[in-house]
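Peer 1: What follows is a single structure, and I will ask about it in a moment.
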Amino acid sequence: ELMTHLSSPPPKGYEKKRGKLLAPYIPQIQGVDPSLQIDNRIQASSQAVLPGSKHNKSRAANTRDERFRSDLHTEAVQAALAKYKERKMPMPSKRRSVLVQSSVEACTPPDTSSASEDEGSLRRQGRLATSTPYQGHSHPAVEHWFNRVIQGSSTSSSASSTSSHPGGRIVTNTSAHAALNANAAATALADLMAHTQLDNHSAPPDVTGLSERSSVHAERSQVASVRGVSRNYNHQTSVMETADGVPVNSRVSNKIQQLLNTLKRPKRPPLREFFVDDFEELLDVQQPDPNQPKPEGQQMSPLEGESLGVVTNWPPSLPAALQRWGTTQPKSPCLTALDNAGKPVYTLTYGKLWTRSQKLAYTLLNKLSSRNEPLLMPGDRVALVFPNNDPVMFMVAFYGCLLAELVPVPIEVPLTRKDAGSQQIGFLLGSCGVTLALTTDACQKGLPKAQTGEVATFKGWPRLLWFVTDGKHVVKPPKDWHPPVREASNDIAYIEYKTSKEGSTMGITVSHSAMLAHCHSLTQACGYTEAETITNVLDFKREAGLWHGVLTSVMNRMHVISIPYSLMKVNPLSWIQKVHTYKARVAVVKSRDMHWSLLAQRDQRDISLGSLRMLVVADGANPWSISSCDAFLNVFQARGLRPEVICPCASSSEAMTVAIRRPPEMGVPPPGKAVLSMGGLSHGVIRVDTEEKLSVLTVQDVGQAMPGAMVCVVRVEGTPYLCQTDEVGEICVSSGSTGVAYYGLPGMTKNVFETVPVTSSGIPISDRPFTRTSLLGFVGPDSLVFIVGKMDGLMVVSGRRHNADDVVATALAVEPMKFVYRGRIAVFSVSVLHDERIVVVAEQRPDASEEDSFQWMSRVLQAIDSIHQVGVYCLALVPANTLPKAPLGGIHISETKQRFLEGALHPCNVLMCPHTCVTNLPKPRQKQPEVGPASMIVGNLVAGKRIAQACGRDVGQLEDNDQARKFLYIQDVLQWRAQATPDHPLFLVLNAKGTVASTASCLQLHKRAERVAAALMGRLNTGDHVALVYPPGIDLIATFYGCLYAGCVPVTVRPPHPQNLATTLPTVKMIVEVSKSVCILTTQAIMKLLKSKEAAAAVDVKSWPMVLDTDDLPRKKSPQMYKPPTPEMLAYLDFSVSTTGILAGVKMSHAATSALCRSIKLQCELYPSRQIAICLDPYCGLGFALWCLCSVYAGHQSILVPPLELESNASLWLAAVSQYKVRVTFCSYSVMEMCTKGLGSQTEALRLRNVNLSCVRTCMVVAEERPRIALTQSFSKIFKDLGLSPRAVSTTFGCRVNVAICLQPNRLGKLAEQGTAGPDPTTVYVDMRALRHDRVRLVERGSPHSLPLMESGKILPGVKVIIANTETKGPLGDSHLGEVWVSSPHNATGYYTVYGEEALHADHFNTKLSFGDTQTVWARTGYLGFLRRTELTDASGERHDALYVVGSLDETLELRGMRYHPIDIETSVIRSHKSIAECAVFTWTNLLVVVVELEGSEQEALDLVALVTNVVLEEHYLIVGVVVVVDPGVIPINSRGEKQRMHLRDGFLADQLDPIYVAYNM
């Protein structure tokens, strides 16, 4: 450990060494006491410092950056950051396994001495933020703090982590304490420690004090458990928060609190105007700032290059030049190739080039044939696939093709089948009709092979024949054969590939005449003379490397020393050594090569660059080329480099060389330098900046226009108007030496190669077409061309332009500079919500810790915000060496962007800042004062709309010929059936194997009920409440009727799960207590469980009421049956846990019970000869009624399938339906899901087992939610193969106030002819945006923002439904969204205390309209929905009114003044990535929290953050506050298959989810 090492007295010479070690890590900040700087700034921990010493040894391998930075820029960034008080941002938390130590080679063990175990993210020794200004603080105290940190031995690992214990004491250790007491230093400390997470919370909140609430924190499995938290519409009273929304004792909450604090900063200035996005939700559109700079100069006049000089004896074409030198100067050297050690391997002479090219030309034209036809004809395209270290073979192949009049298409060597961008190259080859690829023997051997031994076909590539150019197949032409050497024509000479911003690859065609003219103008501009020596470091296949090193060189018989990229990687100085060795006059390099050589230059003393007359900087148009040039000159001026020989140039694939600074002997004006305001540039205006030192861009000129060319600058968008002189635009060139077209793309060719620039009055400036260069710039003084960026890197964010390269430069200048691995950063923009958003992706060093990363990221955000005045939408860090690379180093930007959007980037750190970036959200909705209910009705009448109400058939008119209606009480019906049809089978229960577990006939059930009644009557009083805790089966039904016989009130309770007592038992306990049960009836096994040792750990087992087991009751008849005095008496209590985690019990009277059974019987046409199959839980709601009541009332036989058994046998229910030929069956969504997921792939196996579902007329899904269309449709689709009719599946709807409002039986039986059953359920599409405003707007299927809604079923007989306004309680019109109110004889009579909210309004059960029909008593369902009259008619010839349920009011999220249904957001999120298995959303202190279950590898976890944020912004106009990625199965689901979002929220706030990753969006 560095810490212990430092506390011993330092050895001699140590100070000096340490100063050296730390120097690279310590930025020089103005105004800081220098003594503070070196001595007392220890950076991070041992890991951050020690590797420095290793680096010095292996400089060549490790410290080289692929990019370079200007010191000027670095200072600007330092200063910009110093302006910020570093704000504390919540650090994302991450599960251990996700802390990918990126690349094995540099993996260091984590510094666990200071890692807090519960944090899930590595902690570091107190680290000091680098860019905080310390002025104004008293130094001694700060120094004291530094020294303590340095000398603290390893025992003081928590010097910077105060842990807050449940008791709330803050424990700090003494060394931190002393510093904290020094008052003056306290603020400095706060800043210094800004990113050293001081709050390291230990245990989750202590909840021992809340005995009944202990279930709150553990609900994770599939059980209904109970939140001991009152339902709060305003979220003021939840356990986890104090009144002002500051959370208590929870780490997650603290982070969110930090997040809220960072979000309280004022946003960017508000925007005024809007544009209409097809609806009232108006997205803000950026209005130009009236104070923004506007161009003020004159219209620019086109710039003419000097005229092309006439050269005597100039060859008529390039092959002619080759012929001349090959025959007259055969010994003259043309090209020298080097190996990776820098040794010359081979020198190609002009004679050799001429003869070898001829041989190849002859062979290609004459020796390759297919079906006796020559394979190639003049003008055919041929791919050239040559590695970068073999320029000789490439040159032979290139000239061989030219001599054979074939068109070479040079491309990269594909290394794997999945190279970045390789597929696009394949498209290019396909569109060019390439059938033959030339390559070298060595290269061919290295290509991936198929099983046959042939070269594999790469993804997206056409079938190619591979021909080896240095093999035995190349033959010598006969004496009389001569290649046709013609004058340069307008035919295509070669095709150069180029990759666009979007990643597509185009081929740029260059004609023979353009190729010749370009060589001519380059020769003139560079003053090339015959037989000069030139070193070329660039890729010889394209752009400047090809123009200088392969074409122009042959024109002038020059000698090229070609330096391969692989040699540069090993020895960055190689090109300088070769200039020295060969006394080269010209060198062609990129800024990168100059930068690399600087890092290694101190190893070389005896080299001289005095021979150079021209150093061509091919990427002179890059914003950072100037700093490379300056730094290079600083170092090498002493080695003979003259300043004036540095010649930056600008070029593009389309226009070839655009401008180049001339060598000094041409007598040109001195070079120019411009310091431009970034702010001005972002508005496209050139302002030379004087006062603002921070956000400036320094650019150098790229010289004058090329000879024979005309250059102008035009507007970037729209008509190509000429720019004003102080305006930035796209440079356009008109000359004979530009590319001609994009091969096979006439439309794009017209736009780019045939632009006609016009004056402000619209008059073309010339009759020649211009080529757009995709370079952005302006013409400065002395007719010098300046480039400030490229179209490819242009990002237009809310109307302002930013250049990707500038943003990269800023990010690279952020401390610690070495943080980014080899300077690999990609910056691009993605379009989200009608604007571009900036994404920065960087490779982080292998040894970076979590804290390092987070600290660097927050600084980058601040630096970019400060210097470019633009927010970064997403900043992602990926492990070293994982970004897709372009062929010669560099990052493949479009591929990186593609991976980002597909969720395949696999970052190891992500920071999203949508809150700062997204400024064009619609204004929050202001609620209008409500229109009164009366005017609402009048309005509807005027509009011709009817009031939305509907009812089922009238019960009174329906003849019901069954005896059952004579009985008022359900228990009387059972006694009557036991006498009338004693042996008629009522129930049949199946076990997991599908065999009959138990049955009951009318008499058997009656007898068992009597035994229970006898046991109860001696012990209990009439009216006592009895909890029935049974597994699904006959016992449950028998004891239910036993209770009624004895005059007790039964309460059915789901038994606890033996494997999960901790979460399920408290729910049982709570229902028993809340229902005031005086006795529990159960089985022996469950009775043991209730009193077991394990149970005692979860609840107080001593406080159970009397527990009776009913397994072996004596055969006793009860003395006499209890007769209730009135049907209004309470029959049973129905307890259920709502999705918001609230336990609600409703009271069902005897009258309501009978009415419910009768309604269902009429709707489903149930009678004794029927069989129905039920796969539902029997404890509450409609499931209970169908399981325990309906068979007894209507006499049909129920086949009971406990849903729990499906977990071990998914096909149980459907096999039973098939075996018993059931026509009507009921299930829940969770059962349906189990079948689709578990059996989706097994329909064939089921068919072989003779499972046939064609018997099913109707399969009803029992639900208390919006119908799940996607699930029902996929269920129907999957089981169609087993004969399930597509019309069979339908939905039902019930809720607490009325368990059965809608049931949709399909037409069945003899009544179908009379048409009693309703029409098929209809589906409508509504606009999701209107829904947020509580409006229904019907749209066509497939229109944007459309949401399909399925009718919830046909309203039951005797049920009336109306839609009411939630606020005014007035009736609403047809197709208006409001609360569904219901009136029916089987409404429940009230809540039996809602736990935690005794005062829950009585008006839920008896409320009246404020206007219109003010007499009827309604119950409020708590669900939003609408009624819509359809074109269909029902049995009575009436038009059918369809009820659409949209969702529960309790669940809706109020965000930005609008109402959102969680399911809609969740559906979008699940669609956004294939690995998202499930999603749940909730809000917390106005932040939207999205929890996603990741079904995939954990490295995908961070990919989801951006995708989730994007999709919610795009589709819902909401900014996600927190994204939590968890394992599958973490989102709790209740027995009905509904998500328990409130339990999830409590688990999240109590930090119990064990998330893989938590991202806090800034």
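The values are calculated or read from the model by the stated rules, or taken from the named source; none is laboratory data. Model, not experiment: these values are computed from the prediction. Don't worry about glycine lacking a Cβ; one is built from the backbone with ideal geometry, like all the others, and counts go over all protein chains shown. Protein only, heavy atoms only, side chains kept; ligands, DNA and RNA dropped before computing areas. Shrake-Rupley method; radii C 1.70, N 1.55, O 1.52, S 1.80 Å.
Peer 1: Helices (runs of 4 or more DSSP H) wholly in the range 1054-1140 with at least 3 residues that are buried (at least 16 other Cβ atoms within 10 Å of the Cβ) and touching a strand residue (DSSP E or B) at 6+ places or on another chain (Cβ under 9 Å) - which ones? Working first, answer last.
Peer 2: Values: elements: 1061-1074, 1084-1090, 1093-1098.
By residue number, 1061-1074, 1084-1090.
Peer 1: Identify all residues within the range 805-816 that are open to solvent by 10 Å² or more (accessible area, probe 1.4 Å) and either under 19 Å from L911 (Cα atoms) or modelled with pLDDT of 95 or more (or both); write none if there are none.
Peer 2: E815, P816
Peer 1: Could you look through the range 1236-1270, keep only residues that are of a type in the set (A, V, I, L, M, F, W, C), surrounded by fewer than 19 Cβ atoms within 10 Å (Cβ to Cβ) and under 31 Å from the mean Cα position of the chain (by Cα), and pick out the one that is farthest from Q1304 (Cα to Cα)?
Peer 2: Step one: of the range 1236-1270, the residues of a type in the set (A, V, I, L, M, F, W, C) are 1239, 1245-1246, 1248, 1251, 1253, 1255-1256, 1259-1263, 1269-1270.
Next, from what is left, pick out any that are surrounded by fewer than 19 Cβ atoms within 10 Å (Cβ to Cβ): 1245, 1248, 1255, 1269-1270.
Applying the additional criterion that residues be under 31 Å from the mean Cα position of the chain (by Cα) yields 1269-1270.
Values: I1269: 15, A1270: 18 Å.
This residue is A1270.
Peer 1: Which residue pairs have Cβ atoms under 8 Å apart, sit 6 or more places apart or on different chains, and have a first residue in the range 833-853 that is farther than 16 Å from E815 by Cβ and a second that is of a type in the set (G, A, S) and part of a loop (DSSP other than H, G, I, E, B)?
Peer 2: D835/S798; I838/G871; E843/A880; P846/S102; P846/S103; P846/A880; E850/S121
Peer 1: Now for a different question. Going through D619, D606, D593 one at a time, which residue ends up being open to solvent by less than 10 Å² (accessible area, probe 1.4 Å) and without any contact (Cβ under 8 Å) to a residue 60 or more places away in the chain?
Peer 2: Values: D619 fails: open to solvent by less than 10 Å² (accessible area, probe 1.4 Å); D606 fails: open to solvent by less than 10 Å² (accessible area, probe 1.4 Å).
Result of the check over D619, D606, D593: D593.
Peer 1: For the range 545-582, which residues satisfy the criterion of being more than 11 Å from L338 (Cα to Cα) and part of a loop (DSSP other than H, G, I, E, B)?
Peer 2: N556, R557, M558, N571, P572, L573
Peer 1: Okay, next question. Filtering the range 432-455 down to residues that are open to solvent by less than 10 Å² (accessible area, probe 1.4 Å) and part of a loop (DSSP other than H, G, I, E, B), which residue is nearest to F386 (Cα to Cα)?
Peer 2: Restricting attention to the range 432-455, the residues satisfying the condition of being open to solvent by less than 10 Å² (accessible area, probe 1.4 Å) are 432, 434, 436-440, 447.
From the residues that got through so far, the ones that are part of a loop (DSSP other than H, G, I, E, B) too are 432, 434, 440, 447.
On the way: C432: 19, V434: 16, T440: 7, L447: 11 Å.
Among them, the one singled out is T440.
Peer 1: Same structure, new question: Can you pull out the residues in the range 1111-1131 that are within 60 Å of the chain's Cα centre (by Cα) and more than 30 Å from A1155 (Cα to Cα)? Lay out the reasoning, then the answer.
Peer 2: We begin by selecting, within the range 1111-1131, every residue within 60 Å of the chain's Cα centre (by Cα); these are 1111-1112, 1127-1131.
Answer for the range 1111-1131, where residues must be within 60 Å of the chain's Cα centre (by Cα) and more than 30 Å from A1155 (Cα to Cα): D1111, D1112.
Peer 1: Could you list, in sequence order, the residues of the range 1425-1477 that are under 25 Å from I1533 (Cβ atoms), acidic (D, E) and either surrounded by fewer than 17 Cβ atoms within 10 Å (Cβ to Cβ) or modelled with pLDDT of 95 or more (or both)?
Peer 2: Taking the range 1425-1477 as the starting set, the residues that turn out to be under 25 Å from I1533 (Cβ atoms) are 1425, 1444-1455, 1459-1477.
If we keep only those that are acidic (D, E) too, we end up with 1450-1451, 1454, 1464, 1466.
Correct list: D1450, E1454, D1464, E1466.
Peer 1: Let me ask something additional. Is one or more of the residues making up the range 529-542 open to solvent by less than 10 Å² (accessible area, probe 1.4 Å), charged (D, E, K, R) and in contact (Cβ under 8 Å) with a residue 60 or more places away in the chain?
Peer 2: Yes, the range 529-542 has at least one match.
Peer 1: From the list A621, A674, exactly one residue is among the aliphatic types (A, V, I, L, M) and either outside any loop (DSSP other than H, G, I, E, B) or farther than 13 Å from V785 by Cβ (or both). Which is it? Give the steps one after another, and end with the answer.
Peer 2: Working: A621 fails: either outside any loop (DSSP other than H, G, I, E, B) or farther than 13 Å from V785 by Cβ (or both).
Sole residue among the options that is among the aliphatic types (A, V, I, L, M) and either outside any loop (DSSP other than H, G, I, E, B) or farther than 13 Å from V785 by Cβ (or both): A674.
Peer 1: Answer yes or no: is there a residue in the range 855-872 that is more than 25 Å from L694 (Cβ to Cβ), surrounded by 24 or more Cβ atoms within 10 Å (Cβ to Cβ), touching a helix residue (DSSP H, G or I) at 6+ places or on another chain (Cβ under 6 Å) and not charged (D, E, K, R). Before you say what the answer is, go through the steps one by one.
Peer 2: Keep residues of the range 855-872 that are more than 25 Å from L694 (Cβ to Cβ), which gives none.
No: zero hits.
Peer 1: Considering V392, V413, V382, which residue is in contact (Cβ under 8 Å) with a residue 12 or more places away in the chain and under 26 Å from E532 (Cβ atoms)?
Peer 2: On the way: V413 fails: under 26 Å from E532 (Cβ atoms); V382 fails: under 26 Å from E532 (Cβ atoms).
Going through V392, V413, V382 in turn, the sole match is V392.
Peer 1: Please verify whether K993 is surrounded by fewer than 17 Cβ atoms within 10 Å (Cβ to Cβ), modelled with pLDDT under 95, under 60 Å from the mean Cα position of the chain (by Cα) and not hydroxyl-bearing (S, T, Y), treating the condition exactly as stated. Please lay out each step first, then the result.
Peer 2: On the way: surrounded by fewer than 17 Cβ atoms within 10 Å (Cβ to Cβ): yes; modelled with pLDDT under 95: yes; under 60 Å from the mean Cα position of the chain (by Cα): yes; not hydroxyl-bearing (S, T, Y): yes.
In short, yes.
Peer 1: A further question follows. Identify, from the list G471, G503, G460, the residue that is surrounded by 13 or more Cβ atoms within 10 Å (Cβ to Cβ) and free of Cβ contacts under 8 Å to residues at least 60 places away in the same chain.
Peer 2: Values: G471 fails: surrounded by 13 or more Cβ atoms within 10 Å (Cβ to Cβ); G503 fails: free of Cβ contacts under 8 Å to residues at least 60 places away in the same chain.
That would be G460, the only listed residue that is surrounded by 13 or more Cβ atoms within 10 Å (Cβ to Cβ) and free of Cβ contacts under 8 Å to residues at least 60 places away in the same chain.
Peer 1: Considering G708, G744, G739, G718, which residue is closer than 27 Å to G309 by Cβ, outside any strand (DSSP E or B) and either open to solvent by 10 Å² or more (accessible area, probe 1.4 Å) or of a type in the set (D, E) (or both)?
Peer 2: Values: G744 fails: closer than 27 Å to G309 by Cβ; G739 fails: either open to solvent by 10 Å² or more (accessible area, probe 1.4 Å) or of a type in the set (D, E) (or both); G718 fails: closer than 27 Å to G309 by Cβ.
Among G708, G744, G739, G718, only G708 is closer than 27 Å to G309 by Cβ, outside any strand (DSSP E or B) and either open to solvent by 10 Å² or more (accessible area, probe 1.4 Å) or of a type in the set (D, E) (or both).
Peer 1: Could you list, in sequence order, all residues of the range 321-340 that are touching a residue at least 60 places away in the same chain (Cβ under 8 Å) and closer than 26 Å to Q577 by Cα?
Peer 2: We begin by selecting, within the range 321-340, every residue touching a residue at least 60 places away in the same chain (Cβ under 8 Å); these are 321-323, 325, 329, 332-340.
Passing the criteria: S332, P333, C334, L335, T336, A337, L338, D339, N340.
Peer 1: Could you list, ordered by first residue, the pairs with Cβ atoms under 8 Å in which the first is in the range 576-587 and on the phi > 0 side of the Ramachandran plot and the second is surrounded by fewer than 24 Cβ atoms within 10 Å (Cβ to Cβ), at least 6 apart or interchain?
Peer 2: Pairs that qualify, where the first residue is on the phi > 0 side of the Ramachandran plot and the partner is surrounded by fewer than 24 Cβ atoms within 10 Å (Cβ to Cβ), are K583/T533; K583/S611.
Peer 1: Over 30 Å from R1429 (Cα atoms), open to solvent by 30 Å² or more (accessible area, probe 1.4 Å) and charged (D, E, K, R): does that describe R1008? Outline the logic, then answer.
Peer 2: Values: over 30 Å from R1429 (Cα atoms): yes; open to solvent by 30 Å² or more (accessible area, probe 1.4 Å): yes; charged (D, E, K, R): yes.
Yes, satisfied.
Peer 1: Going by the conditions given, is L612 touching a helix residue (DSSP H, G or I) at 6+ places or on another chain (Cβ under 6 Å) and either open to solvent by less than 20 Å² (accessible area, probe 1.4 Å) or part of a strand (DSSP E or B) (or both)?
Peer 2: Numbers: touching a helix residue (DSSP H, G or I) at 6+ places or on another chain (Cβ under 6 Å): yes; either open to solvent by less than 20 Å² (accessible area, probe 1.4 Å) or part of a strand (DSSP E or B) (or both): yes.
Criteria met by L612.
Peer 1: Could you check the range 636-649 and list, in sequence order, the residues that are in contact with a Leu (Cβ under 6 Å, 6 or more places away or on another chain) and closer than 20 Å to L573 by Cβ? Please lay out each step first, then the result.
Peer 2: Initial filter on the range 636-649 (in contact with a Leu (Cβ under 6 Å, 6 or more places away or on another chain)): 636, 639-641, 643, 645-646.
Residues satisfying the conditions are F636, R639, G640, L641, V645, I646.
Peer 1: Here is a follow-up. Restricted to the range 1488-1502, and to residues that are over 19 Å from K1539 (Cβ atoms) and open to solvent by 10 Å² or more (accessible area, probe 1.4 Å), which residue is nearest to the chain's Cα centre (by Cα)?
Peer 2: Step one: list which residues in the range 1488-1502 are over 19 Å from K1539 (Cβ atoms), which gives 1496-1502.
Next cut, open to solvent by 10 Å² or more (accessible area, probe 1.4 Å) only: 1496-1500.
Working: G1496: 14, S1497: 15, E1498: 14, Q1499: 13, E1500: 10 Å.
Once the filter is applied, the top-ranked residue is E1500.
Peer 1: Can you work out which of the residues in the range 298-325 that are in a helix (DSSP H, G or I) and farther than 19 Å from H548 by Cβ is least open to solvent (accessible area, probe 1.4 Å)? Talk me through it step by step, then tell me what you get.
Peer 2: As a first pass, look at the range 298-325 and keep what is in a helix (DSSP H, G or I): 318-325.
Narrowing the set further to residues that are farther than 19 Å from H548 by Cβ leaves 320, 323-324.
On the way: A320: 15, Q323: 72, R324: 63 Å².
Filtering the range 298-325 for residues that are in a helix (DSSP H, G or I) and farther than 19 Å from H548 by Cβ, the one least open to solvent (accessible area, probe 1.4 Å) comes out as A320.
Peer 1: Another one. Taking the condition within 20 Å of L516 (Cα to Cα) and open to solvent by 60 Å² or more (accessible area, probe 1.4 Å), does T328 pass?
Peer 2: Numbers: within 20 Å of L516 (Cα to Cα): no; open to solvent by 60 Å² or more (accessible area, probe 1.4 Å): yes.
Considered against the rule, which asks whether it is within 20 Å of L516 (Cα to Cα) and open to solvent by 60 Å² or more (accessible area, probe 1.4 Å), T328 comes out as no.
Peer 1: Do we find that L598 is closer than 24 Å to D806 by Cα and at pLDDT below 90 in this structure? So that I can check it myself, show each step before the final result.
Peer 2: Values: closer than 24 Å to D806 by Cα: yes; at pLDDT below 90: yes.
Criteria met by L598.
Peer 1: Now for a different question. Looking only at the range 393-408, decide whether some residue is part of a strand (DSSP E or B), open to solvent by less than 50 Å² (accessible area, probe 1.4 Å) and either among the polar types (S, T, N, Q) or more than 23 Å from D491 (Cα to Cα) (or both).
Peer 2: Of all residues in the range 393-408, those part of a strand (DSSP E or B) come to 407-408.
Still in the list and also open to solvent by less than 50 Å² (accessible area, probe 1.4 Å): 407-408.
So of that shortlist, the ones also either among the polar types (S, T, N, Q) or more than 23 Å from D491 (Cα to Cα) (or both) come out as none.
The answer is no, given that none of the residues of the range 393-408 is part of a strand (DSSP E or B), open to solvent by less than 50 Å² (accessible area, probe 1.4 Å) and either among the polar types (S, T, N, Q) or more than 23 Å from D491 (Cα to Cα) (or both).
Peer 1: Also: Quick one: would you say E1233 is modelled with pLDDT under 95, crowded, with 16+ Cβ neighbours inside 10 Å and part of a loop (DSSP other than H, G, I, E, B)?
Peer 2: Details: modelled with pLDDT under 95: yes; crowded, with 16+ Cβ neighbours inside 10 Å: yes; part of a loop (DSSP other than H, G, I, E, B): no.
In short, no.
Peer 1: State all residues of the range 1460-1483 that are in a strand (DSSP E or B), over 11 Å from R1541 (Cβ atoms) and hydrophobic (A, V, I, L, M, F, W, C); if no residue qualifies, say none.
Peer 2: First pass over the range 1460-1483, keeping only residues in a strand (DSSP E or B): 1460, 1476-1483.
Filter once more, keeping what is over 11 Å from R1541 (Cβ atoms): 1460, 1476-1478.
I1476, A1477 - these are the residues of the range 1460-1483 that are in a strand (DSSP E or B), over 11 Å from R1541 (Cβ atoms) and hydrophobic (A, V, I, L, M, F, W, C).
Peer 1: Mind checking which residues of the range 876-923 are open to solvent by 30 Å² or more (accessible area, probe 1.4 Å), of a type in the set (S, T, N, Q) and under 23 Å from S591 (Cα atoms)?
Peer 2: Within the range 876-923, just N881 meets the criteria.
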